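**Student:** Dropping the structure in here first, questions after.
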Amino acid sequence: MTVRSTCPYCGVGCGVLLTATVAGLEVKGDPDHPANFGRLCSKGLALGETVGHEGRLAAPMVNGKEAAWDEALQLVADRFTHTIAEHGPDSVAFYLSGQMLTEDYYVANKLAKGFMGTANIDTNSRLCMASTVAGHKRAFGTDTVPGTYEDLELADTIVLVGSNLAWCHPVLHQRILAAKAARPHLKLVVIDPRRTATCDAADLHLPLAPGSDVALFNHLLTQIDEQGALDAGYVAAHVDGYPEALRCARASDVSLTELDGHQLRAFVNIWLRSEKTVTIFSQGVNQSTSGADKVNAILNCHLATGRIGTPGCGPFSVTGQPNAMGGREVGGLSNMLACHLDLENPAHRHAVRLFWDAPKMPEAAGLKAVDMFRAVGSGKIKALWIIHTNPAVSMPDADAVAAAIKGCDFTVVSDVTGRTDTAQLADVLLPASAWGEKDGTVTNSDRTISRQRAVLPSYEASRPDWAQLAEVGRRMGWHSAFDFANVAEIFREHAALSGIAGGLGRDFDISGHADLTDAQYDALDPFRWPYASQEGGRFFADGGFFTKSGRASMLALTPLPMAQPTNSDFPFRLNTGRTRDQWHTMTRTAKSARLSAHLAEPFIEIHPADATATGTTDASLVQVTSGTGTAILRALITDRVRKGEIFAPIHWTGETAPSGRIDVVIPAAVDPVSGQPESKGAAVALAPYAANWYAFAISRRPINPQSAYWARVRTDAGWRCELAGAQAPQDWESYARDMLGVGDLPAQTIQDLHGGSFRAAFIGDDGVEAAVFVAPRPVSLMRDYLAELPDDMLSGRAPIGRPDPGPVLCACFKVGVNTILRAVEADGLSSVEQIGEALQAGTNCGSCRPELRALLGAGVIREAAE
Ligand SMILES: Nc1nc2c(c(=O)[nH]1)N[C@H]1C(S)=C(S)[C@@H](COP(=O)(O)OP(=O)(O)OC[C@H]3O[C@@H](n4cnc5c(=O)[nH]c(N)nc54)[C@H](O)[C@@H]3O)O[C@H]1N2
Ligand SMILES: Nc1nc2c(c(=O)[nH]1)N[C@H]1C(S)=C(S)[C@@H](COP(=O)(O)OP(=O)(O)OC[C@H]3O[C@@H](n4cnc5c(=O)[nH]c(N)nc54)[C@H](O)[C@@H]3O)O[C@H]1N2
Ligand code: SF4
Ligand SMILES: [Mo]
């Protein structure tokens, strides 16, 4: 049977068709889903490879020992009850995630805010969307995304600000590229200090100075005014604050952007040339100490020109997580209530309290993520429940966060695996049913609500997150409030509450679905809110803002410097973000060998001039240090980054590459308005890491390395691992045996004690079981060939006639860089289309097409380790 569901990764919210077969889970794009119309990216396509049971948490664990659900949940209920009784409701806290389903999220918020009486409930959306939420609310009165995905296809100009859409929202990117192919006059502008894969298809790339977006959009506002692009009618009818915003914009200094006059004119000309403009923005905007101001600087320009809410027009915040929007709808953040109601508004609070029949409700906002973990660290918060997120890796100042969790009197973690850096610090671990095993709804970037449906049985004792939360609610004494029989019942309650919110003048109203039967909920098609009586479209074409006056606000904005100045001790600016084929802390995507083959190590992109100045050579290791910590990563020298700036991916963890945990290096500086941390602007020092030995290991068994630097990923045959260290082990063979877990299997070894190199292959019943290659310099080997553990491997080379495919570039068809380069040379291929015809590469999801184009040009992208 084929089941319609939704991809659990990014906020595009692609529909998938799932079929459970004997061979595993088959995943296809849903041709009828309005987000993707059948398309999927490399991550969505590989979903079937990530639902295996390896590493899954099978049963609750209490203090490291397996426990029954009854015991574990009673303990959670008792500890929360006693902590609240002894120290008050604000001594407990919840830390949630934009990946929870709306129904899970709703129950958690009802439990904390309505019944435990604490607003200390925040989410990883604080690290992700909080600045957008704050910006939207300041301008519109509510957190409303005005437009729809169709606007991307109807626009004449699309501006991407701080968004690497090609890698982070690949299906939307593909939709834009298809629209551009059909209507070549559609102009694409990318505003990003880095030249990302998204820039490949852009008509204009503005590599602005980090943090200078407010100065850039203030400049645009002055030009809107000077060049007569103001929509005076719209502003007079619907917008307040224009004169002050313009005055402030005129006073601000555009040279902060470090863009030249030519670049600025080109941008202004494109923006003013056509009415139909969509500005997409994402983490380069949000994750900043002026994040909310950056959002408002963008909204100002759309409000001044009336380019909002009409076809092909509008500011468009693309959400990161699959249910970042849903989390905002249920009031996931510590200053919100369900259905876009405000916790600090007495009328809103009263309405929700009546509806829930809640015994007590907090009257003031609770702690935001950074302050929450500080309160955990100082002992003010004594009981903490973390669900569906991995803060010991993803929060800024991550070592301090890990220490705080470890020191907390009582920490509960709900996760699908017990191996994460956060799960390992928990007192109680609760096994969650995973994507594919559970039911609920998610809301994507354009307000479309879609069902996630179960197609697989829940693994072992695991239970859905909502069921864990509701059971604790009942055990704390609130039987009727948490007596949900299924997710449909939760959905109906949320939909009914949204009708009350609609009555209070809020935008989020799905009350038209408040009476769905269980069967109708099961069959629910994707729909876009608002849905009071019928499906909604765009907002604000004719004003109708959700402020008291019904008018929008433009804000007067002054560009502010980033929180941490670079100086002689910390001369480099560290930017962080995502790679194409991994999802956050890799707990799911790293199960796929295909996805792990794209970029197999944590790395920094560093400009050639900075590499020379710091003595960094390609593929060597560098140490990145800030006031909070140190990381060791592989150097990838490239002029894609500006001089003085480095970029590192966020994905590596204690499980995969402990020295690559980049958030250890990011201090917790936050936007004063939104509380969102500046994840993209640490001031750091760089130095070569003085390794005396480097190694590469491959094995059919799990590899357990011990060295200053290591990074391990899955391969089709098992695992592969890069290592390096300062002090070489006394005895390489016994070191290798321990690390590879090969016991006393017979070995073939080659050792050059004088030159410091060592190679060993351990032979099992079925041929080579594991092997290691050690050298005093970065090891040059045919890694992708060796990862298959061929019989005769100690030479490190493939036999003639068996060329090394190189690191995988096209994940869909598993085509390596070397294979492509050889075909380009031998067959004279000169376009991405010709590569596709010859090798299939790039012909499926299209995410690798920018890199294919780069291979054809001068800038060959190679894996860090090669
Ligand atoms: N493959 C993949 N896709 C994902 C995810 C993933 O983990 N992997 N995660 C999802 C999630 S939760 C999110 S939030 C989204 C994030 O999606 P994006 O926001 O597109 O991703 P990032 O790589 O975090 O950052 C985007 C860009 O911001 C730029 N930037 C840094 N500083 C500035 C600045 O001051 N101004 C401007 N204009 N730009 C700047 C960076 O150079 C970077 O290229 O991706 C989602 N999609
Ligand atoms: N420096 C820096 N730091 C960043 C960012 C950045 O750009 N730079 N980006 C930030 C952003 S935008 C985000 S969104 C965060 C993401 O950071 P996190 O939310 O910490 O990362 P994930 O790996 O998505 O964590 C999800 C966890 O949920 C578990 N899980 C999976 N399915 C289920 C389930 O059904 N139920 C439960 N209970 N658990 C489940 C997974 O195993 C995993 O441990 O990182 C933030 N941190
Ligand atoms: S673009 Fe890719 S990761 Fe995002 S929802 Fe679609 S298939 Fe999933
Ligand atoms: Mo995110």
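**Student:** Does residue 634 qualify as being of a type in the set (Lys, Arg) and outside any loop (DSSP other than H, G, I, E, B)?
**Tutor:** On the way: of a type in the set (Lys, Arg): yes; outside any loop (DSSP other than H, G, I, E, B): yes.
So residue 634 fits the description; yes.
**Student:** Can you tell me which condition residue 74 does not meet? The list is (1) within 16 Å of ligand 2 (Cβ to nearest atom); (2) in contact with a Lys or Arg (Cβ under 9 Å, 6 or more places away or on another chain), and all the others hold.
**Tutor:** Tallying (1) within 16 Å of ligand 2 (Cβ to nearest atom); (2) in contact with a Lys or Arg (Cβ under 9 Å, 6 or more places away or on another chain), residue 74 fails exactly one: (1).
**Student:** Select from the range 315-347 the residues that are open to solvent by 10 Å² or more (accessible area, probe 1.4 Å) and more than 16 Å from ligand 1 (Cβ to nearest atom) and list them in ascending order.
**Tutor:** Filtering the range 315-347 down to residues open to solvent by 10 Å² or more (accessible area, probe 1.4 Å) leaves 320, 335, 340, 342, 344-347.
Within the range 315-347, 335, 340, 342, 344, 345, 346, 347 qualify.
**Student:** While we're on this one: Tell me the residue from 13, 44 that is on the phi > 0 side of the Ramachandran plot and in contact (Cβ under 8 Å) with a residue 60 or more places away in the chain, please. Working first, answer last.
**Tutor:** Numbers: 44 fails: on the phi > 0 side of the Ramachandran plot.
So the residue among 13, 44 that is on the phi > 0 side of the Ramachandran plot and in contact (Cβ under 8 Å) with a residue 60 or more places away in the chain is 13.
**Student:** Mind checking whether some residue in the range 297-309 is away from ligand 2 (no atom under 16 Å from the Cβ) and within 25 Å of residue 99 (Cβ to Cβ)?
**Tutor:** First, the residues of the range 297-309 that are away from ligand 2 (no atom under 16 Å from the Cβ): 297-309.
Narrowing the set further to residues that are within 25 Å of residue 99 (Cβ to Cβ) leaves none.
No.
**Student:** Pull out all pairs, ordered by first then second residue, where Cβ-Cβ is under 9 Å, the residues are six or more apart or on different chains, the first lies in the range 460-481 and is under 15 Å from residue 82 (Cα atoms), and the second is open to solvent by 40 Å² or more (accessible area, probe 1.4 Å) and among the hydroxyl-bearing types (Ser, Thr, Tyr).
**Tutor:** What qualifies is 475/81; 476/81; 477/81.
**Student:** So residue 402 passes all but one of these: (1) among the aliphatic types (A, V, I, L, M); (2) within 23 Å of the chain's Cα centre (by Cα); (3) open to solvent by less than 10 Å² (accessible area, probe 1.4 Å). Which condition number does it fail?
**Tutor:** Exception for residue 402: condition (3).
**Student:** Please go through (1) open to solvent by 30 Å² or more (accessible area, probe 1.4 Å); (2) assigned to a loop (DSSP other than H, G, I, E, B) for residue 4 and return the number of the only condition it doesn't satisfy.
**Tutor:** Evaluating residue 4 over (1) open to solvent by 30 Å² or more (accessible area, probe 1.4 Å); (2) assigned to a loop (DSSP other than H, G, I, E, B) leaves (2) as the failure.
**Student:** Let me ask you something else. Every residue in the range 106-137 that is within 16 Å of ligand 1 (Cβ to nearest atom), part of a helix (DSSP H, G or I) and under 19 Å from residue 411 (Cα atoms), please.
**Tutor:** Within the range 106-137, 124 is the sole residue that qualifies.
**Student:** Which ones in the range 506-562 are of a type in the set (A, V, I, L, M, F, W, C), more than 30 Å from residue 489 (Cβ to Cβ) and open to solvent by 50 Å² or more (accessible area, probe 1.4 Å)? Walk me through how you get there before you give the answer.
**Tutor:** Here is the first cut: in the range 506-562, the residues of a type in the set (A, V, I, L, M, F, W, C) are 508, 510, 514, 516, 519, 523-524, 527, 529, 532, 539-541, 545-546, 552, 554-557, 560, 562.
Subsequent filtering for residues that are more than 30 Å from residue 489 (Cβ to Cβ) retains 540-541, 545, 552, 554-557, 560, 562.
Of everything in the range 506-562, those that are of a type in the set (A, V, I, L, M, F, W, C), more than 30 Å from residue 489 (Cβ to Cβ) and open to solvent by 50 Å² or more (accessible area, probe 1.4 Å) turn out to be 556, 560.
**Student:** So, one more: Test each condition in (1) under 20 Å from residue 348 (Cα atoms); (2) open to solvent by less than 20 Å² (accessible area, probe 1.4 Å) for residue 488 and report the one that comes out false.
**Tutor:** Of (1) under 20 Å from residue 348 (Cα atoms); (2) open to solvent by less than 20 Å² (accessible area, probe 1.4 Å), only one is false for residue 488: (1).
**Student:** Give me the residue from the range 703-716 that is open to solvent by 30 Å² or more (accessible area, probe 1.4 Å) and in contact (Cβ under 8 Å) with a residue 60 or more places away in the chain and, out of that set, nearest to residue 54 (Cα to Cα).
**Tutor:** In this case the residue turns out to be 714.
**Student:** Also, quick follow-up: Please go through the range 203-238 and pick out each residue that is open to solvent by 50 Å² or more (accessible area, probe 1.4 Å) and among the polar types (S, T, N, Q).
**Tutor:** Within the range 203-238, just 227 meets the criteria.
**Student:** Does the range 739-747 contain at least one residue that is at positive phi and free of Cβ contacts under 8 Å to residues at least 40 places away in the same chain?
**Tutor:** Here is the first cut: in the range 739-747, the ones at positive phi are 741, 743.
Next cut, free of Cβ contacts under 8 Å to residues at least 40 places away in the same chain only: 743.
Yes, the range 739-747 has at least one match.
**Student:** Confirm whether residue 381 is of a type in the set (A, V, I, L, M, F, W, C) and either surrounded by fewer than 24 Cβ atoms within 10 Å (Cβ to Cβ) or under 20 Å from residue 100 (Cα atoms) (or both).
**Tutor:** Details: of a type in the set (A, V, I, L, M, F, W, C): yes; either surrounded by fewer than 24 Cβ atoms within 10 Å (Cβ to Cβ) or under 20 Å from residue 100 (Cα atoms) (or both): no.
No: the conditions fail for residue 381.
**Student:** Which residue pairs have Cβ atoms closer than 8 Å, lie 6 or more positions apart in sequence or on different chains, and pair a first residue in the range 350-364 that is open to solvent by 100 Å² or more (accessible area, probe 1.4 Å) with a second residue that is part of a loop (DSSP other than H, G, I, E, B)?
**Tutor:** Close Cβ pairs (under 8 Å, with a partner that is part of a loop (DSSP other than H, G, I, E, B)) amount to 353/361; 363/343; 363/344.
**Student:** Only residues that are within 16 Å of ligand 3 (Cβ to nearest atom) and open to solvent by 50 Å² or more (accessible area, probe 1.4 Å): list them for the range 563-586, please. Before you say what the answer is, go through the steps one by one.
**Tutor:** Our first condition is that a residue be within 16 Å of ligand 3 (Cβ to nearest atom); within the range 563-586, this holds for 577-586.
Within the range 563-586, 578 is the sole residue that qualifies.
**Student:** Here's a check for you: in the range 92-105, which residue that is among the hydroxyl-bearing types (Ser, Thr, Tyr) and in contact with a Leu (Cβ under 9 Å, 6 or more places away or on another chain) is surrounded by the most Cβ atoms within 10 Å (Cβ to Cβ)? Steps first, please.
**Tutor:** Applying the first criterion (among the hydroxyl-bearing types (Ser, Thr, Tyr)) to the range 92-105 yields 95, 97, 102, 105.
Remaining after also requiring in contact with a Leu (Cβ under 9 Å, 6 or more places away or on another chain): 95, 105.
Values: 95: 29, 105: 34.
Restricting to residues being among the hydroxyl-bearing types (Ser, Thr, Tyr) and in contact with a Leu (Cβ under 9 Å, 6 or more places away or on another chain), the top hit is 105.
**Student:** Follow-up. Suppose we keep only residues that are of a type in the set (Asp, Glu) and in a strand (DSSP E or B) within the range 722-756. Which one would you say is most open to solvent (accessible area, probe 1.4 Å)? Break it down stepwise before answering.
**Tutor:** Quick first cut of the range 722-756, residues of a type in the set (Asp, Glu) only: 722, 731, 733, 738, 744, 752.
Imposing the further condition that a residue be in a strand (DSSP E or B) reduces the set to 722, 752.
Details: 722: 10, 752: 70 Å².
Here the residue is 752.
**Student:** Let me ask another. Looking at 303, 259, which one is crowded, with 19+ Cβ neighbours inside 10 Å and either in a helix (DSSP H, G or I) or outside the structural domain of residue 206 (by TED's automatic domain parsing) (or both)?
**Tutor:** On the way: 259 fails: either in a helix (DSSP H, G or I) or outside the structural domain of residue 206 (by TED's automatic domain parsing) (or both).
One residue alone meets the criteria, 303.
**Student:** Can you pull out the residues in the range 106-141 that are polar (S, T, N, Q), within 16 Å of ligand 4 (Cβ to nearest atom) and open to solvent by less than 10 Å² (accessible area, probe 1.4 Å)?
**Tutor:** Filtering the range 106-141 for residues polar (S, T, N, Q) gives 109, 118, 120, 123-125, 131-132.
Among the residues that remain, those that are also within 16 Å of ligand 4 (Cβ to nearest atom) are: 123-125, 131-132.
Residues satisfying the conditions are 123, 125, 131, 132.
**Student:** Kindly establish whether residue 809 is part of a helix (DSSP H, G or I), open to solvent by less than 20 Å² (accessible area, probe 1.4 Å) and not aromatic (Phe, Trp, Tyr). It would help to see each step written out before you state the result.
**Tutor:** Details: part of a helix (DSSP H, G or I): no; open to solvent by less than 20 Å² (accessible area, probe 1.4 Å): yes; not aromatic (Phe, Trp, Tyr): yes.
No, not satisfied.
**Student:** Just give me the residues in the range 262-288 being open to solvent by 20 Å² or more (accessible area, probe 1.4 Å) and outside any helix (DSSP H, G or I), in sequence order.
**Tutor:** Answer for the range 262-288, where residues must be open to solvent by 20 Å² or more (accessible area, probe 1.4 Å) and outside any helix (DSSP H, G or I): 275, 276.
**Student:** Would you confirm, using the coordinates I've provided, whether residue 64 is open to solvent by 30 Å² or more (accessible area, probe 1.4 Å), farther than 15 Å from residue 386 by Cα and away from ligand 1 (no atom under 16 Å from the Cβ)?
**Tutor:** Numbers: open to solvent by 30 Å² or more (accessible area, probe 1.4 Å): yes; farther than 15 Å from residue 386 by Cα: yes; away from ligand 1 (no atom under 16 Å from the Cβ): yes.
For residue 64, the condition - open to solvent by 30 Å² or more (accessible area, probe 1.4 Å), farther than 15 Å from residue 386 by Cα and away from ligand 1 (no atom under 16 Å from the Cβ) - is met.
**Student:** Can you find even one residue in the range 169-184 that is closer than 27 Å to residue 672 by Cα and either open to solvent by less than 10 Å² (accessible area, probe 1.4 Å) or not acidic (Asp, Glu) (or both)? Lay out the reasoning, then the answer.
**Tutor:** Residues of the range 169-184 closer than 27 Å to residue 672 by Cα: none.
Among the residues of the range 169-184, not one is closer than 27 Å to residue 672 by Cα and either open to solvent by less than 10 Å² (accessible area, probe 1.4 Å) or not acidic (Asp, Glu) (or both), which makes the answer no.
**Student:** Would you check which residues across the range 7-25 are near ligand 3 (Cβ under 7 Å from one of its atoms), open to solvent by 10 Å² or more (accessible area, probe 1.4 Å) and out of contact with any Asp or Glu (no Cβ under 9 Å at 6 or more places or on another chain) and list them?
**Tutor:** Residues satisfying the conditions are 7, 10.
**Student:** Failed condition for residue 676, given (1) out of contact with any Asp or Glu (no Cβ under 9 Å at 6 or more places or on another chain); (2) at pLDDT below 95; (3) surrounded by 24 or more Cβ atoms within 10 Å (Cβ to Cβ), with all others met?
**Tutor:** Every condition holds for residue 676 apart from (2).
**Student:** Can you tell me which residue in the range 152-168 is nearest to ligand 4 (Cβ to nearest atom), limited to those that are open to solvent by 10 Å² or more (accessible area, probe 1.4 Å) and under 27 Å from residue 45 (Cα atoms)?
**Tutor:** Filtering the range 152-168 down to residues open to solvent by 10 Å² or more (accessible area, probe 1.4 Å) leaves 153-154, 156, 162, 164, 167-168.
Retained after the next criterion (residues that are under 27 Å from residue 45 (Cα atoms)): 153, 162, 164, 167-168.
On the way: 153: 25, 162: 12, 164: 12, 167: 13, 168: 9 Å.
Only one residue fits best here, namely 168.
The values are calculated or read from the model by the stated rules, or taken from the named source; none is laboratory data. Please read all numbers here as calculations on a predicted model, not as lab measurements. Cβ: placed from backbone, ideal geometry, glycine included. Neighbour counts: every protein chain shown. Note: accessible area is taken over every heavy atom of the protein model, side chains too, but ligands, DNA and RNA are not part of it. Shrake-Rupley method; radii C 1.70, N 1.55, O 1.52, S 1.80 Å.
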